[in-house]
Amino acid sequence: MRILIFGATGMVGQAVLRECLRDPGVEHVATIGRTPTGAHHEKLREIVHSDLASYSGLDAQLTAFDACFFCLGVSSSGMKEAEYAGVTYGFTLAAAEALSRLNPGMTFIYVSGSGTDSSEKGWQMWARVKGRTENALLKLPLNGYMFRPGFIQPLDGIKSKTPSYRIFYKLLSPLIPLLRRAFPNQVLTTRQIGQAMISVAKQGYEKRILDARDIRAAAGRC
């Protein structure tokens, strides 16, 4: 498989990139973002692109991919809805629409979140925007899957780019084994998410929207 990753410098994106580079079934990986990941591997090519709302001029670099793992995202904290939607909906659809034209029928996996509101009418702003993004993606000529993980445990030295999240994970780390035992279907590792994406890209999945339980099941097929 040839895989394209957006958001490869974030916590989930780092994990997905790691699993892709380790998987013998993935022959080529390209990352695209405003900054390089700093990773080095014979299978890896990095595309540095500053305008995530437009991909004009990049047709040749974005063609001939089997799957896209879209891990780009921001926290809604302190953001107005229009601003948050500009990133969450705007950047995602700009990429997906370009890829649907260049690679029609490709697998497109979008990292959403537990609690996303498919009705687009709920009281939580981030959930409405995520729901609108998912709904729009599922209408495109892509083989789309929406991943809705809950709590994510970082492994393999992976860290969040968000300082508040790093503090949160550091404080909570002693309790994670207890959480995994108490809520086995709500806590996923970064490794499981990466493995699940590759599994779904290879084999598909019976549902288009995958919650934490589904993601765990997909990862178990690897």
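Points worth noting:
- Pairwise label distance in nanometres, Lys159 with Ala39, each label 7 Å out on the Cα-Cβ vector: 1.8 nm
- Computed over the alpha carbons of the chain, Rg followed by Dmax gives 16.5, 50 Å.
- Stretching the chain fully between Ser114 and Glu27 yields a gain of 28.2 nm (0.36 nm per residue, less the alpha carbon separation).
- For the pair the stretch 1-51 and the stretch 56-125, the centres of their Cα atoms are 17 angstrom apart.
- Rolling a 1.4 angstrom probe over the protein heavy atoms with all chains in place gives the chain an accessible area of 48 Å² per residue.
- Between Ala53 and Phe183, the modelled label-to-label distance comes to 3.6 nm, taking each label 7 Å out from Cα in the direction of the beta carbon.
- Choice from Ala67, Ala85, Ala53 with maximal GNM fluctuation in the chain (Cα, 10 Å cutoff): Ala53
- Note on the chain: helix-only mean residue ellipticity at 222 nm, from DSSP H runs of 4+ residues weighted -39500 (n - 2.57) and normalised by residue number, equals -10500 deg cm²/dmol.
- Amide H contacts of Leu4: Ala30, Ala67, Cys68, Phe69, each under 5 Å away and 5 or more positions distant or on a separate chain (H built 1.01 Å from N in the peptide plane; Pro and chain starts excluded).
- Gyration tensor verdict on the stretch 23-99 (Cα atoms; rounded if a/c is under 1.5, prolate if a/b is larger than b/c, oblate otherwise): prolate
- Ala60 paired with Lys121, simple spin-label distance in nm, labels 7 Å along Cα-to-beta-carbon: 5.0 nm
- Angstrom value of the Kirkwood radius, inverse mean 1/r, which spans all Cα pairs in the stretch 98-154: 12.1 Å
- Length gained when the stretch Ala98-Ala136 is fully extended (0.36 nm per residue, less Cα-Cα span): 12.3 nm
- For the listed peptides 25-36, 185-196, 2-13, a ranking on the average number of other beta carbons within 10 Å per residue, highest first, reads 2-13, 185-196, 25-36.
- Whole-percent carbon and sulfur share, accessible surface of the stretch 12-80, 1.4 Å: 49 percent
The values are calculated or read from the model by the stated rules, or taken from the named source; none is laboratory data. Computed from a prediction, not measured in an experiment: that's the story for all the values here. Glycine gets a Cβ as well: all are built from the backbone with ideal geometry, and neighbour counts include every protein chain shown. The accessibility values were calculated without ligands, DNA or RNA, using every heavy atom of the protein model including side chains. Shrake-Rupley method; radii C 1.70, N 1.55, O 1.52, S 1.80 Å.
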